[in-house]
Structure formats: structure tokens, C-alpha cells
Amino acid sequence: MSPTYMDTSISPQPQPTLWQSIKEALRGSHQDYTTGSLNRSILLLAIPMVLEMVLESLFAVVDVFWVSRLGANAIATVGLTESVLSIVFSVGIGLGMSTTAMVARRIGEKDTDGAAISAVQAIFLGLIASVVMGLPFFFLAPKLLAAMGASPALVATGSGYTRIALGGSGVVLLLFLNNAIFRGTGDAAIAMRLLWVSNILNLILDPIFIFGLGPIPRMGVTGAALATFTGRGIGVLYQFYRLARGTERLCILACHLRLNAEVLWRLIKVSALGILQFLIGQASWIGLVRIVSLFGAPALAAYTIAIRIVIFAILPSWGLSNAAATLVGQNLGAGHPDRARNAIWRTGLWNMVFLGSVGLVFIAFAPFILGLFTSYPEVLRTGIPCLRIFSCGNIAYAYGMVLLQAFNGSGDTLTPTYVNLFGFWIVEIPLAWFLAMHTRLQVNGVYASVVVAQSVIVLISLYLFGQGKWAKQKI
């Protein structure tokens, strides 16, 4: 009788369906993003990161929805304050971006202790920055509004909003930074759920604090700032709880809670350029707001509403870009530069299709969309062309943001800094001034300059990305 042999070969595991992958992305994936299907890796990271950014954008949209009921001065207060708050966003995004790159690189190298040490140093920096920025903003809020061109009446009604929004900027920094840690480890679903908590609170508190309810007095535009601060503050507390509890990829132990001079210095060097990179971009928006303010409160209110709507669409695209940055960092750490490069091309294509489609919708339905936020004829007259012109640059902006995040994810924060400096300050601001003040376009020239600048930025980024120096970056 012939002997019987057991078949010891391993049958291939069936690939998860699209629906199974979506559920895994929302639940939290345990996949190693340096191996396996690249499309699935992008999907698992992108879904929670996109939803995270959608939720973050709700802060802006919900605030302006309710504040628009208070009149043009209230909307203008939000617009002027947001232009200064963009400096805080620059610090938070720059520090968070560098933190994501460093944590992702350590995760790719399978160095979990190194990832935890990097996260702790980043939190130390965030706490210091919160104090250094928050206190001066709190006391100088009325003067900042006046310096931005606000009228005495606007300063009188808007100082409370500006004081809370800018004085409490530490919660913005820490919210960005802690979520950057989770993104770097690949725990994107946790970052998403954290913003669920913050946004649900903001959705509930905004109308209550603005218009009053029961024993809570009517606070007007100041209530919008207090509602957002409360929602974000509770979100930050939940973040610290999750970091202390630990995740599958990152566990911060007592031994990690100390200053590490070497890691801290490396993070500072990378973060300094990252912060400068976004300061250059965000400061240009302050310049644009200053030019728009020359055309009066209705134009400024129209710009504020339109830019909030645009941000609502752009932030999900930032989610896709953040997924690309995580994949670049982890795959460079694992020694897979070709996989990192392919991740950028594919993510950029997805982003271009998404944001281009959104742009078409905004162009076609601009009157209806803006009509949801205001009924003032003079605001609508300026806001409709603003939204349509901005939307013309969506495709360029979509690919440009992914390419710039590719550099950042590799730890090369210098290249995007140069690109932003040229695009925003050599091209955008001078062009905006010229078109607004010396052509028949007037305020529409400001919006057109943004489209031109974004197109220049993406062309330069494509050329530099093709050089491949980013793949050799050490961090």
C-alpha cells in the first residue's frame, strides 16, 4: 500500500472585499503598510483620514452657518480672526507634519520605542508653543483686529470672539499634534474618532452659546468661539487619554516621559522648516484678506463664507495627502522607496478626481450653496464669483498638496518651503495687488491670483519630485 502524503502547501488567503476593507478602515486596521496591496494600504489610511478632515472642516462651516445669522460685521470678525489664527494652524500643522514623518519613519523601522520617544518630544514642544502663543494673543486681541483693518464698531463686537479663539489657540496646536502622532503610527481611525467627539460637542454648543438657551445667556459671535474651544478642549483631553492607554502600534510608557535632547533637536530642526513652510502659505492669506478688506465689509464677508466652503472641500483632500505622507515615511523607513513613489502618484490621481469633481459642483451651484449661508444681496454678489474662481484651481491644488506632503513625509521640509515662498510671495501677493488695484477685475483679481499661484506651485513640485532627492532624506 503506497504511503499517504499530507499536502503542506499553504493556500492563498482570499483578498478582502471593498466593503470589508471600508469596515476595517473605520474600525482601525492592523495592516503593515510597508507590504501587501498598495491600493488597499491607501484605502485603509485614506478613509479615516479623509473623514477626520471632513469633521475638522465642520468646525469652520458650522461656525459660519450660525454666525452669518448675526450680520456682516460678525462674519467679518470671524474672517479677520481666522486670518490671524492661520498662524497658529501653521505652527500646529508644521509641528504635526514633522512629528508624523518622524514617528512614521520609526514605525517603518520597527522601532516602537523610538516612535514613543519622538511622540513625547513633540508633545513637549506643543505645550511650550501653546503658552508662548496663547498668552500674547489673549491680551492683544483687540489691537490685532484693529491692525487687520477692522472698524471701531467691529472691534467692539468682535474682541471677545478673537480673544477666546486666539488665546485658546493651544487646544488647536495640541489637537493637530496628537492626531499627527496617531497618523504617523498608522492609527488613523483613532484620530478620526477623536474629532467625532469634538465636532458633536461643537454642533450642540454653537447655537446654544450664540443665541442663548435657558440659563445660558446670548453671547453672539463670542459664543461661537467658546463652543469651538470647548469642543476642541475636550477632544484634546480624550487624545491624552488614548495616548496614555496605548494602541497596538504605539505605547507611551513612564520610561518615555523624559526629554531626549538628540531627538528633540532633530524634531526642532525639521519642525522649524515645516512651520516656516506653512507660515509662508498662511501669512499670504493674511495679505489676501488685507487686500479684500479694502473693498468693504460685504466683500470681506463674502470672502469669509466662500473660503469656509472651499476649506470644507479641501480638508478631505488633506486627508488623502496625509495618508500619502504616512505611506512615504513608513516605506522609506522600511527601505521601499519605489513603493513610496507609487503611493504618491496613485494618491495624487485619486485626489485630483475628487477635488476636481467638487470644483465642478461649486461652479455650477455657487448661488445655491452661498444662499445657504447668507441672504444679503451685496455679499452674494461678491461671493458667487469668489467661489467659482477658487474652484477653477481645484485640480492643480489637489495634485500639488499631495506632492508637497510627499516631501514632508520623507522629512524634506526645505523643498516645500522654497516652493511656497516662490508661489505665494513672488507670484500670488504681487499679482493679487496688481489685479485688484490696477485692473477691472478689482476684488475678483485677488481670487484669480490664487488659481495662478497654485498652478505654478504644482508645476514646480512635479519637476522637483521627479528629481528623487526626497527618497534619500534622513530623519
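The values are calculated or read from the model by the stated rules, or taken from the named source; none is laboratory data. Everything numeric here is computed off the predicted structure, so don't read it as measured data. Every residue, glycine among them, receives a Cβ derived from its backbone with ideal geometry; neighbour counts consider all protein chains shown. Keep in mind that these areas ignore ligands, DNA and RNA; they rest on the heavy atoms of the full protein, side chains included. Shrake-Rupley method; radii C 1.70, N 1.55, O 1.52, S 1.80 Å.
Brief remarks on what is shown
- Search result, residues across the stretch 318-348 that are farther than 23 Å from Leu55 by Cα, touching a residue at least 40 places away in the same chain (Cβ under 8 Å) and open to solvent by 30 Å² or more (accessible area, probe 1.4 Å): Ala334, His336, Pro337, Arg339, Arg341, Asn342, Arg346
- Apart from one condition, Ala153 fits all of (1) of a type in the set (A, V, I, L, M); (2) under 22 Å from the mean Cα position of the chain (by Cα); (3) more than 24 Å from Pro316 (Cα to Cα); the exception is (2).
- For the stretch 257-277, a residue qualifies if it is of a type in the set (S, T, N, Q) and buried (at least 18 other Cβ atoms within 10 Å of the Cβ), and the qualifying residues are Ser271, Gln277.
- Which listed residue, of Ala146, Ala150, Ala141, is surrounded by fewer than 19 Cβ atoms within 10 Å (Cβ to Cβ) and closer than 18 Å to Thr77 by Cβ: Ala146
- Looking only at residues in the stretch 86-97 that are at pLDDT 80 or above and aliphatic (A, V, I, L, M), the one that is surrounded by the most Cβ atoms within 10 Å (Cβ to Cβ) is Met97.
- Number of the condition not met by Ala104 [criteria: (1) farther than 30 Å from Thr17 by Cβ; (2) at pLDDT 90 or above; (3) among the hydrophobic types (A, V, I, L, M, F, W, C); (4) buried (at least 18 other Cβ atoms within 10 Å of the Cβ)]: (1)
- Failed item, numbered, when Arg308 is tested on (1) of a type in the set (Lys, Arg); (2) open to solvent by 30 Å² or more (accessible area, probe 1.4 Å); (3) in contact with a helix residue (DSSP H, G or I) (Cβ under 8 Å, 6 or more places away or on another chain); (4) more than 17 Å from Gly126 (Cα to Cα): (2)
- Any pair with Cβ under 8 angstrom, 6 or more apart, that starts in the stretch 237-249 at a residue that is on the phi < 0 side of the Ramachandran plot and modelled with pLDDT under 85 and ends at one that is surrounded by 13 or more Cβ atoms within 10 Å (Cβ to Cβ) and of a type outside the set (Val, Ile, Thr): Thr247/Phe182; Thr247/Asp187; Glu248/Asp187; Arg249/Ala115; Arg249/Gly186; Arg249/Asp187
- Restricting attention to the stretch 181-195, the residues being open to solvent by less than 10 Å² (accessible area, probe 1.4 Å), part of a helix (DSSP H, G or I) and not hydrophobic (A, V, I, L, M, F, W, C) number 2.
- Any chance Leu205 is at pLDDT 90 or above, in contact with a Phe, Trp or Tyr (Cβ under 8 Å, 6 or more places away or on another chain), open to solvent by 20 Å² or more (accessible area, probe 1.4 Å) and aliphatic (A, V, I, L, M): no
Listed here are the residues, each with its yes/no results for (1) open to solvent by 10 Å² or more (accessible area, probe 1.4 Å); (2) in contact with an Asp or Glu (Cβ under 6 Å, 6 or more places away or on another chain); (3) not in a loop (DSSP other than H, G, I, E, B).
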| residue | (1), (2), (3) |
| --- | --- |
| Gly231 | no, no, yes |
| Ala244 | yes, no, yes |
| Cys255 | yes, no, yes |
| Leu279 | yes, no, yes |
| Trp285 | yes, no, yes |
| Pro298 | yes, yes, yes |
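- Hey, Gln442 at positive phi and modelled with pLDDT of 90 or more or not: yes
- The stretch 24-37, residues that are assigned to a helix (DSSP H, G or I) and open to solvent by 90 Å² or more (accessible area, probe 1.4 Å): Arg27
- In the stretch 250-259, the count of residues that are touching a Gly at 6+ places or on another chain (Cβ under 8 Å) and under 27 Å from Pro416 (Cα atoms) is zero.
- Residue that is at pLDDT below 85 and more than 24 Å from the chain's Cα centre (by Cα), where the choices are Ala254, Ala188: Ala254
- Which numbered condition Lys110 fails, given (1) surrounded by 23 or more Cβ atoms within 10 Å (Cβ to Cβ); (2) on the phi > 0 side of the Ramachandran plot: (1)
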